[in-house]
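Report on one structure; see the data block that follows.
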Amino acid sequence: MQEITTAQRKLIASLDKARNRRREGLFAAEGTKCVLDTIDAFGLRHLVATSAWWQEHPELASRPQAVLARPADMERITALSTPPPVLAVYDLPPESQVPGIAPGELVVALDCVQDPGNLGTIVRAADWMGVHTILASRDTVDIFGAKAVQATMGAISRVTVHYCDLAARLEELDAAVPVFGTFLGGENIYTAAHLGPGGVLVMGNEGRGVSPAVAALCTRRLTIPSWPPGSPTSESLNVGVATAIALAAFRSRLF
């Protein structure tokens, strides 16, 4: 097994920035759970880990991409606040064509979600709820940033985020595909009739909500009411939490 080189350290550390990821065609996944869940889903370039981690996972040590690093090396290459014992560098997957929506398929659409932790949480919630496609506006944060990848906890290997002109894509949809937007003052999502099983669920920006251009294309407006009605509560829900609740409301209709 080779030891990590200075060139490898510089390359991996540079992947914290989106422009470098695009230039190199690479991204990093950090932490044992995330790495083990993604290792066969993307093209592997480097699998960097400490000696303690290699002792726990000897079945991976024979891979030609295996690299030995000291804890101090991991501190220099990680994009996370706490260095993990393992980090994988993968090929960025080629940008695929935005897929059509099959009858009965539920898809999430993200309108300018900016926090990588929120995006990763949404991907993880989508994975749990059987949603495999996410449409994202081009100003939504990059799913291949280290913090977003980490927050997916490996779900990035099963859920695909397609970046697109979101308003244009929604405008192209067949009229039979409902577009559900999440807004304050919409229908109560728990009692709303005819939810799903398919359609597009639009979630907006953390501060501004759904943009006017996308809002105009929503055929139904939904809201997650607080409990009990009329009592003092938080101003709003985190978009990751709200997405999980909304998806659960859609899926509950199937039981």
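Criterion applied to PRO64, PRO93 was being in a loop (DSSP other than H, G, I, E, B) and open to solvent by 60 Å² or more (accessible area, probe 1.4 Å), and the one residue passing it is PRO64. Evaluated against (1) part of a loop (DSSP other than H, G, I, E, B); (2) more than 22 Å from SER157 (Cα to Cα), GLN8 falls short on exactly one condition, (1).
In the list VAL107, VAL35, which residue meets the criterion of being more than 30 Å from ALA215 (Cβ to Cβ) and among the hydrophobic types (A, V, I, L, M, F, W, C)?
Sole residue among the options that is more than 30 Å from ALA215 (Cβ to Cβ) and among the hydrophobic types (A, V, I, L, M, F, W, C): VAL35.
Which ones in region 143-165 are open to solvent by 30 Å² or more (accessible area, probe 1.4 Å), assigned to a loop (DSSP other than H, G, I, E, B) and either out of contact with any helix residue (DSSP H, G or I) (no Cβ under 8 Å at 6 or more places or on another chain) or under 22 Å from LEU237 (Cα atoms) (or both)? Hits for region 143-165 are MET153, ASP165.
The C-beta contact set for region 15-27 (first residue within 19 Å of LEU44 (Cβ to Cβ), second residue assigned to a helix (DSSP H, G or I) and of a type in the set (Gly, Ala, Ser), distance under 6 angstrom, 6+ apart or interchain) comprises ASN20/SER14. The set of residues in region 217-232 that are under 25 Å from ASP111 (Cα atoms), over 24 Å from the mean Cα position of the chain (by Cα) and among the hydroxyl-bearing types (Ser, Thr, Tyr) comprises THR219, SER226.
I need a count of the residues in region 166-200 that are among the hydroxyl-bearing types (Ser, Thr, Tyr), over 17 Å from MET129 (Cβ atoms) and either assigned to a strand (DSSP E or B) or in contact with a helix residue (DSSP H, G or I) (Cβ under 7 Å, 6 or more places away or on another chain) (or both). Working first, answer last.
Taking region 166-200 and keeping what is among the hydroxyl-bearing types (Ser, Thr, Tyr), we get 182, 190-191.
In the following step, the residues that additionally are over 17 Å from MET129 (Cβ atoms) were identified as 191.
Checking the rest, the ones that are also either assigned to a strand (DSSP E or B) or in contact with a helix residue (DSSP H, G or I) (Cβ under 7 Å, 6 or more places away or on another chain) (or both) come to none.
Looking only at that region, the number is 0.
Within region 29-53, the set of residues being among the hydrophobic types (A, V, I, L, M, F, W, C) and open to solvent by 20 Å² or more (accessible area, probe 1.4 Å) comprises LEU36, ALA41, PHE42, LEU44, ALA52. The C-beta contact set for region 225-245 (first residue under 17 Å from GLY185 (Cβ atoms), second residue in a helix (DSSP H, G or I) and open to solvent by 40 Å² or more (accessible area, probe 1.4 Å), distance under 9 angstrom, 6+ apart or interchain) comprises LEU237/ILE245.
The set of residues in region 96-116 being under 20 Å from LEU26 (Cβ atoms) and either of a type in the set (A, V, I, L, M) or surrounded by 15 or more Cβ atoms within 10 Å (Cβ to Cβ) (or both) consists of PRO116 alone. ASP139 meets all of the listed conditions (1) in contact with a strand residue (DSSP E or B) (Cβ under 8 Å, 6 or more places away or on another chain); (2) part of a loop (DSSP other than H, G, I, E, B) but one, namely (1).
The values are calculated or read from the model by the stated rules, or taken from the named source; none is laboratory data. Because the structure is predicted, anything quoted here is derived from the model rather than measured. FYI the Cβ positions are ideal-geometry reconstructions off the backbone, even for glycines, and counts take in every protein chain you see. For the accessible areas, the whole protein counts, side chains as well, though only heavy atoms, and no ligand, DNA or RNA atoms are used. Shrake-Rupley method; radii C 1.70, N 1.55, O 1.52, S 1.80 Å.
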